[in-house]
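Report on the structure given below.
The values are calculated or read from the model by the stated rules, or taken from the named source; none is laboratory data. All of these numbers come straight from a predicted model, not from anything done at the bench. Reconstructed Cβ throughout: ideal geometry from the backbone, glycine too, with neighbour counts over all protein chains shown. Surface accessibility is based on the protein's heavy atoms, side chains included, excluding ligands, DNA and RNA. Shrake-Rupley method; radii C 1.70, N 1.55, O 1.52, S 1.80 Å.
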Amino acid sequence: MRSLIGFPAIVNEKAARAVAAQVVLVAVVALATGWLWLTAVLAVGFALRVASGPRFDPFGRLATQLIAPRLGEPRMVSGAPKRFAQGIGLAFTLAGTVALALGAPVVTVVLLSVLMVFAALEAFVGFCAGCFAFAQLMRLGVVSDDTCVECADISLRRHRHEAAAA
């Protein structure tokens, strides 16, 4: 069971951005059509990704197996901040789903809109707000440095990127 659960220590940023693009697409469809029930579908995807990375999630599988390989060489980054970001997405979509179930669709629309903006930043600009928040929490000592050694020591990132470029 342990091998089925767990987020990868390193992830391909191109795949993460492809997942974010899929989230944007579903959020746009939900907001444009009024199919706010798609928020629950997004929540399931976020839950699957938080629990096991892309292994069981259709968006993750599509991103890692079909989309990212066509985008060139992988750009490997630490998995912990990406998992944190997926957790934030899960919180937003769960809250939106609960709001919808309680008869507050306006709350769902607001949460889905905010999620869509941040997913778009990740997908199209390469800025992961959840990763940024994770780094700030590490800087403040809320998240332990040993949670993500690479995040705590920027020189490790430089060496990894230099090795990947060689």
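The figures follow:
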read-out	value
Residue satisfying all of: in the stretch 111-120; touching a helix residue (DSSP H, G or I) at 6+ places or on another chain (Cβ under 8 Å) and without any contact (Cβ under 8 Å) to a residue 40 or more places away in the chain; least open to solvent (accessible area, probe 1.4 Å) among these	114
Which numbered condition residue 156 misses (of (1) of a type in the set (A, V, I, L, M); (2) modelled with pLDDT of 70 or more; (3) surrounded by 12 or more Cβ atoms within 10 Å (Cβ to Cβ); (4) part of a helix (DSSP H, G or I))	(2)
Residue that is open to solvent by 20 Å² or more (accessible area, probe 1.4 Å) and either of a type in the set (Phe, Trp, Tyr) or without any contact (Cβ under 8 Å) to a residue 40 or more places away in the chain (or both), where the choices are 34, 6	34
Extreme residue, farthest from residue 30 (Cα to Cα), among residues of the stretch 42-81 that are β-branched (Val, Ile, Thr) and open to solvent by less than 70 Å² (accessible area, probe 1.4 Å)	77
For residue 126: the one exception among (1) on the phi < 0 side of the Ramachandran plot; (2) of a type outside the set (Ser, Thr, Tyr); (3) open to solvent by less than 50 Å² (accessible area, probe 1.4 Å)	(1)
Residue count for the stretch 20-63, restricted to those that are within 18 Å of residue 98 (Cβ to Cβ) and charged (D, E, K, R)	0
Test result for residue 90, open to solvent by less than 60 Å² (accessible area, probe 1.4 Å) and within 18 Å of residue 50 (Cβ to Cβ)	yes
Answer residue from the stretch 9-29, given it is part of a helix (DSSP H, G or I) and open to solvent by 40 Å² or more (accessible area, probe 1.4 Å) and is nearest to residue 73 (Cα to Cα) among those	14
